[in-house]
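Chemist: One structure coming up, written as structure tokens, with questions to follow.
We did not get these values from a lab; they are worked out from the coordinates using the rules stated. Remember, it's a predicted structure, so these values are computed and weren't measured experimentally. Glycine also receives a Cβ, built like all others from the backbone with ideal geometry; neighbour counts cover every protein chain displayed.
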Amino acid sequence: MKRVVASAPGKVTLFGEHAVVYGYPAIVASIDKRIYVSAELREDDKIRINAQDLRTSGVIVSISNGEIQITTDYGKTLSAIGYLNRSIELTSEYLGVRKGVSLEVRSEMPVGAGLGTSAAVSVATIAAYSTCLGYELSKDEIAKLGWEVEKSVQGIASPMDTSIATFGGVLKIWFEGSTVYRVPLKVSNELPLVVAYVEREKSTKDMVMLVRNLREKHPDLINGILEHIGKTTLEAEKALAEGNLQEVGTLMNINHGLLEALGVSSRRLNEVVYTARVAGALGSKLTGGGGGGASIALTLPDNINVLTNVLKLVTPHVFKTSIQYEGVRVTVSQ
């Protein structure tokens with residue numbers, strides 16, 4: 001029985017989160033932390049998931065009447081692995097094939113912190129399961145299916161996270177209707193980044209819905225903020241191409257202020273963001289959905305250790321990272 005291991009990178013959103021949901025561009029980069037999904041077909045029709053890094057070990061998923069049911073010993077549905085569920089379900093529907101499979105999930109990064117783990121899980125699961133079934137999906141197909149998974153679970157989602165998990169690198173991404181535009185960006189300088197995260201108070205889905213509800217109540221104000229986030233992203237594209245790290249940092253600070261105005265940051269997250277600036281960061285902001293979770297800080301190379309140590313006084317969850325240019329990867333062994 002062949003064993004397939006697929007992995008996909010996490011990401012940091014450099015610019016444009018939340019605005020990208022409404023068609024504005026975002027700039028996103030894959031990082032050197034990955035999620036791995038191992039898959040082996042089974043003799044029965046069950047899907048067994050070992051996902052200890054997702055806090056859901058020993059889960060059994062059964063296919064019945066075309067639906068996938070996830071239960072624990074206590075009979076409770078596990079929302080934490082909704083992305084795995086929908087990835088298997090939508091891949092089965094897309095290929096017209098349903099088979100039992102054993103899945104094992106391993107993560108090198110914190111789950112649910114705003115680093116694109118749900119997208120990485122979805123993309124890696126789609127790639128692993130489809131390969132087990134004997135299909136070699138294109139990256140475009142994987143990214144599109146991954147986006148459908150995120151929309152299904154979250155209710156509304158941009159194609160940003162699943163695109164970067166699939167293709168890797170640094171991308172400018174926007175979409176119009178169902179058409180996704182991806183432009184690989186030239187980055188003239190290394191980006192010394194430090195990621196720090198705090199406990200997540202709200203999910204990405206909660207934050208996306210918060211912005212949507214706020215936009216419905218105050219369309220002129222919120223549309224104006226979203227438009228300015230889009231303009232900040234375009235200015236950042238120029239600064240990245242020129243290697244102007246000072247300007248990139250300034251624009252990160254502006255972007256965070258606009259996200260604060262949308263209400264998607266939190267007190268603890270702001271504490272980390274502003275501590276980074278005091279410690280010499282060129283710029284800092286939340287990254288991802290917000291509501292707690294991850295922040296990124298850009299600094300000069302000779303300050304990265306100082307910045308890292310200062311941030312550890314605020315939260316123990318701090319690590320240096322670098323941009324990694326490989327997207328989804330699949331290996332097969334017998």
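Chemist: Can you pull the one-decimal nm distance between simple spin-label points at Leu185 and Glu242, each 7 Å off the Cα toward Cβ?
Modeler: So the label points at Leu185 and Glu242 sit 1.4 nm apart.
Chemist: If the viscosity is 1.306 mPa s and the temperature 10 °C, what Stokes-Einstein diffusion coefficient in µm²/s follows for the chain when Rh is the Kirkwood radius over Cα pairs? Let's see the in-between values first.
Modeler: On the way: Rh = 20.0 Å.
It diffuses with D of about 79 µm²/s by this estimate.
Chemist: Helix 245-262 sits at what angle to the longest principal axis of the chain, using alpha carbons and giving 0 to 90 degrees rounded to 10?
Modeler: Taking Cα atoms only, the helix is inclined about 70 degrees.
Chemist: For His317 and Leu300 in one chain, what is 0.36 nm times their gap in residues minus the Cα-Cα distance, to one decimal in nm? Write down the numbers at each step before the final one.
Modeler: Details: separation 17, 0.36 × 17 = 6.12 nm, distance 2.07 nm.
Answer, rounded to one decimal: 4.1 nm.
Chemist: Please give the FRET efficiency for Arg267 paired with Tyr94, using the beta carbon to beta carbon distance and R0 = 30 Å, rounded to the nearest 0.05.
Modeler: On the way: r = 42 Å, r/R0 = 1.41.
E(calc), rounded to 0.05, equals 0.10.
Chemist: Still on this model: In whole percent, what relative contact order does region 193-321 give with Cα contacts below 8 Å and a gap of six or more residues? Don't skip to the end; give the middle numbers.
Modeler: On the way: 205 pairs, mean separation 50.8, N = 129.
About 39 percent, as a whole number.
Chemist: Sort 269-275, 249-255 by packing, meaning the average of other beta carbons within 10 Å per residue, with the highest value first. Could you put the intermediate results ahead of the total?
Modeler: Details: 269-275: 20.6, 249-255: 22.3.
Ranked by mean Cβ neighbours within 10 Å, highest first: 249-255, 269-275.
Chemist: While we're looking at this one, here's another question. Highest mean first, how do 111-121, 305-315, 226-236, 182-192 rank when packing is the count of other Cβ atoms within 10 Å averaged over residues? Kindly include the intermediate steps, with their values, before the conclusion.
Modeler: Values: 111-121: 27.5, 305-315: 16.8, 226-236: 19.8, 182-192: 14.5.
Output ranking for 111-121, 305-315, 226-236, 182-192: 111-121, 226-236, 305-315, 182-192.
Chemist: Right, next: Straight-line reach from Lys202: which lysines fall under 18 Å, measuring Cα to Cα and dropping same-chain residues less than 8 apart?
Modeler: Partners within reach: Lys151, Lys285.
Chemist: In degrees between 0 and 90, to the nearest 10, how far off the longest principal axis of the chain does helix 82-95 point, with axes built from Cα atoms?
Modeler: Helix 82-95 and the main axis of the chain meet at about 60 degrees.
Chemist: Moving on to the next point. Can you pull the Rg over Rh of region 193-321, Cα-only, Kirkwood?
Modeler: On the way: Rg = 14.8 Å, Rh = 15.0 Å.
Taking Rh as the inverse mean 1/r over Cα pairs, Rg/Rh reads 0.99.
Chemist: Given a Förster radius of 30 Å and the C-beta distance between Glu235 and Glu326 as r, what FRET efficiency does 1/(1 + (r/R0)^6) yield to the nearest 0.05? If you can, show how the numbers build up before the last one.
Modeler: On the way: r = 28 Å, r/R0 = 0.94.
Result of the calculation: an efficiency of 0.60.
Chemist: Set the Förster distance to 35 Å, then compute FRET efficiency between Asn50 and Gln334 from the Cβ-Cβ distance, nearest 0.05. Let's see the in-between values first.
Modeler: Working: r = 21 Å, r/R0 = 0.60.
The calculated FRET efficiency here is 0.95.
Chemist: While we're looking at this one, here's another question. If each residue of separation counts as 0.36 nm, what is the full-extension length gain between Arg212 and Val278 once their alpha-carbon separation is subtracted? Numbers along the way, then the final one.
Modeler: Numbers: separation 66, 0.36 × 66 = 23.76 nm, distance 3.29 nm.
Residue separation times 0.36 nm, minus the Cα-Cα distance, leaves 20.5 nm.
Chemist: Still on this model: Please list, in chain and number order, the residues 5+ apart from Glu199 or on another chain whose amide H is under 5 Å from its amide H, with Hs placed from the backbone.
Modeler: Gly293
Chemist: Straight-line reach only, C-alpha to C-alpha below 16 angstrom: list the lysines that Lys99 could link to, leaving out same-chain residues fewer than 8 apart.
Modeler: Lys2, Lys46
Chemist: State the extension gain, in nm to one decimal, for the chain segment bounded by Glu40 and Glu227, taking 0.36 nm per residue of separation less the distance between their alpha-carbons. Numbers along the way, then the final one.
Modeler: Working: separation 187, 0.36 × 187 = 67.32 nm, distance 4.60 nm.
Between Glu40 and Glu227, full extension yields 62.7 nm more.
Chemist: Strictly over 20 Å apart at the Cα level, which of Lys172/Lys238; Lys186/Lys312; Lys186/Lys238 would you flag in this model? Could the numbers behind the result be given before it?
Modeler: On the way: Lys172/Lys238 12 Å; Lys186/Lys312 32 Å; Lys186/Lys238 10 Å.
From the list (Lys172/Lys238; Lys186/Lys312; Lys186/Lys238), the Cα-Cα distance tops 20 Å for Lys186/Lys312.
Chemist: Using helices alone, I'd like the mean residue ellipticity at 222 nm for the chain: each DSSP H run of four-plus residues gives -39500 (n - 2.57), total over residue count, nearest 500.
Modeler: Counting only the DSSP helices, I get -12500 deg cm²/dmol.
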